[in-house]
Structure formats: structure tokens, C-alpha cells
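What follows is a single structure, written as C-alpha cells, with notes after it.
The values are calculated or read from the model by the stated rules, or taken from the named source; none is laboratory data. Since this is a predicted model, take the numbers as computed values, not measurements. As a convention, Cβ positions derive from the backbone with ideal geometry for all residues, glycine included, and neighbour counts pool all protein chains shown.
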Amino acid sequence: MSNQPSVTRGTLVIDVDACKGCELCIDACPPRVLEMTTHELNSRGYRYPVLFDGCTGCRACSQICPDFVFQVYKYETPMVREPSEE
Amino acid sequence: MPAPDDRPVIDTSAPPEVPVRLVDDFTPDLIDVGAHHLCPGCGEPIAMRSIMEVLAEQGLMQRSLAVFGIGCYTAFSNNLDCEVLQALHGRAPSLATGAKRARPELVTVTVQGDGDMVNEGLQEVLHAAARGEAITCVLLNNGVFGETGGHMTATTTLGQRTKNTLEGRSSAEHGHPIQAASLVAGLDGAAYVARGAVNNAGNVAKTKRMVERAIEVQLAGAGFSFVEILTMCPTGWFIETVDAPDYLADTIGAVHVGGVLKDTLADA
């Protein structure tokens, strides 16, 4: 895998319990940093998205989400995470 | 690029503590409550968000009136922080006409589905367009009567499977689909006609610009404006929510082709 440091320009607050598990955000995310949980369910019994490093704060997820689950922030200074040593 | 599974999950339970800028809130200003009872993967709240964002961004919240037809989206009218008038099936453009003539300062937007507008009240929207009423009509087109179980509407495309066209819509048995936006564009009173979709983030952004333009045309008093928005209905289509965006593009989107059909303000 890549040894490049990962740059994260944005982040989200996810209202997990509002999610109905439609997964539209997963394909909508250009950097592909959202993934659905596999076993964890929210209070309504749906799987929900979790966020990994690399968010750009582009708002694609919040604009496509039918249930208004996302709040999108952009960092004033992008976060850089060095690759962990194997 | 897919990352390995040992990536750390980011904490998304609360806003970050370092300096950040909020770029998109859960719900835009004019949507009071985000929670609704529409199905998972429904395209209608996405379309409603675009419309409400335009009204909020243009500072029209105090003078906007939404006129709702009858369909799943009607339930969503309770979530909106703007005046809402409830019409009978198909009659929203006529109510909007009355409201706009009585209160010309209002920004009047109708919201109807394909069953409501094209099946049950097509003459209302056509006459409003022909009269060149300064209102904006939005058609949320998913090709089925979602609220009552997913059967065929007048916009269902040939070959599309619905609850009462199990072998797919056939022209011999069920007739041909009506392309509402194209029909409206043919009328001289229509100043702006466009067709968008909400099946991916790019199309959502394009659709929002169409709504923006339609409101601009209404404010300029240039005539009737119309935006058709293709929306997903995975429940009514009997498919998985993740497959709905591509299904929309391949079936409905292939016949009801997106784009700006008419913009007399730009042509003038």
C-alpha cells in the first residue's frame, strides 16, 4: 500500500441514529473514505457509515443523504497523518 | 483507492476541537426537522434540500410559499420552515396561480410528483405554463406511484417493470410515456424549463443550479419556470437502495434526458 502521508482536509459529524442505511453516501464520496458498518447497528436497526482518514470536506455525502445525517467541516489547516510503521 | 481494513475510524460523534469551518449543516436553514418517514434511499428529500437551500441562500425565506401536491413528499411539508399550501391532486399550479396573483411579492414554488402532475392534473400545469404565470413548478419524477405501492404512472418508461407492468411497460398495452418537461417547453408562456436528477452528487449540484435559475426567472417576471427532477424510489422500483442511482440513469434517465430545455431569459 501507499507510504504517502494521508492528508485530511475535512471531517464530519455523523448523526448515526438518523441513518436509514441506504448507502448512497458510500458511492457518492469521491475520496471513498466512508464505509458502512458490518455488524454495528444504530438504534433503529440500520447499519450506518463510518469515516476514515482522507475526507476533503466536499459535501457530496451531505448533499446526497436523504436523511440529513451529515454535518461537514473543513479544517483551517489540513491534518497530515504519517503512514504507520509496519 | 481502497485502504486496508486496519485504518483508524475517525471520531464523528462531535465537532472537532481544532479550528474548522462548517460547510454543510445536517439540514439547511429552511428545513426545521430532518427526521421524516420517507423510505431509505428516497430521492425526494434530496430534491427538497436543494430547493430549500436555494430559497435560504437567496434570502427568500420570509416571502416564499410552497404549494404541495399529493404524494410521499407531502409528508415532508411538515418539516419545512416556509408557508405551505396543500393542493388537491394535480391542482398545485392553479393554487399557486391564485396565490401569486393575490400576492405578487411571493416566491411561489409548487412541488408535485409524476403521478400527481402528469396523471392526475396535467392540464393544470400546461395551462399555467401557457398563461406564463410567474410561478416555479417542480416535478419530482420517479416513474411510479410510490405512495400507493409502486405502480405505473404516465411517465413510466417503456420496458420499466412496475407493480402493474410486471413484464415491463409496453406501448401496445399501456401507451407511451409522457415527457412532461418537453411538453411544457413547447408552450410559449414557459420561460425556463430544465430537467435534473438527484442520483449522484454532481447531478444534485446541477439540479440546484436549475432551481436557482428557475427562481431567478420567476423574480424577473419573465414567465413560467419548470424544473423536473428525476428522483430515486427504490421501494417502488423493488430494487436495493444502492442500485437505485444507476437504475435511474439507465431507465428513466435514458428517456427523460437531463439538461436545460429552454431558457428565454438567457436567449433574450
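Filter the range B:29-53 down to residues that are more than 9 Å from every other protein chain (Cβ to nearest Cβ), assigned to a loop (DSSP other than H, G, I, E, B) and modelled with pLDDT of 95 or more, then give me how many there are.
0
Output yes when any residue across the range B:196-208 is at pLDDT 95 or above and more than 14 Å from chain A (Cβ to nearest Cβ), and no when none is.
no
Which of the residues that make up the range B:36-53 are surrounded by fewer than 24 Cβ atoms within 10 Å (Cβ to Cβ) and farther than 23 Å from B:Phe238 by Cα?
Within the range B:36-53, B:Glu53 is the sole residue that qualifies.
Can you tell me which residue within the range A:58-71, out of those that are facing chain B (nearest Cβ under 7 Å) and surrounded by fewer than 21 Cβ atoms within 10 Å (Cβ to Cβ), is nearest to A:Ser6 (Cα to Cα)?
Taking the candidates together, the pick is A:Arg59.
Consider the range A:17-34. How many of its residues are surrounded by fewer than 19 Cβ atoms within 10 Å (Cβ to Cβ) and not in a loop (DSSP other than H, G, I, E, B)?
3
If we scan the range B:231-250, do we find a residue that is within 16 Å of the chain's Cα centre (by Cα), surrounded by fewer than 22 Cβ atoms within 10 Å (Cβ to Cβ) and farther than 30 Å from B:Thr97 by Cα?
Within the range B:231-250, one or more residues are within 16 Å of the chain's Cα centre (by Cα), surrounded by fewer than 22 Cβ atoms within 10 Å (Cβ to Cβ) and farther than 30 Å from B:Thr97 by Cα.
Across the range A:1-23, which residue is farthest from B:Ala14 (Cα to Cα) among those that are at the interface with chain B (Cβ under 9 Å from one of its Cβ atoms) and charged (D, E, K, R)?
A:Glu23
Go through the range A:47-57 and give me each residue that's within 7 Å of chain B (Cβ to nearest Cβ) and either surrounded by fewer than 21 Cβ atoms within 10 Å (Cβ to Cβ) or on the phi > 0 side of the Ramachandran plot (or both).
Quick first cut of the range A:47-57, residues within 7 Å of chain B (Cβ to nearest Cβ) only: A:50-53, A:57.
Hits for the range A:47-57 are A:Val50, A:Phe52, A:Asp53, A:Gly57.
Restricting to the range B:58-73, name every residue that is without any contact (Cβ under 8 Å) to a residue 40 or more places away in the chain, in a helix (DSSP H, G or I) and not hydrophobic (A, V, I, L, M, F, W, C). Break it down into steps so the answer makes sense when it comes.
The initial filter retains those residues of the range B:58-73 that are without any contact (Cβ under 8 Å) to a residue 40 or more places away in the chain, namely B:59, B:61-62.
If we keep only those that are in a helix (DSSP H, G or I) as well, we get B:61-62.
Correct list: B:Gln62 only.
Return the pairs, sorted by first residue and then second, in which the second residue is in a helix (DSSP H, G or I), the first residue lies in the range B:197-226 and is basic (Lys, Arg), the beta carbons are less than 6 Å apart, and the residues are 6+ apart or on different chains.
B:Lys208/B:Ser50
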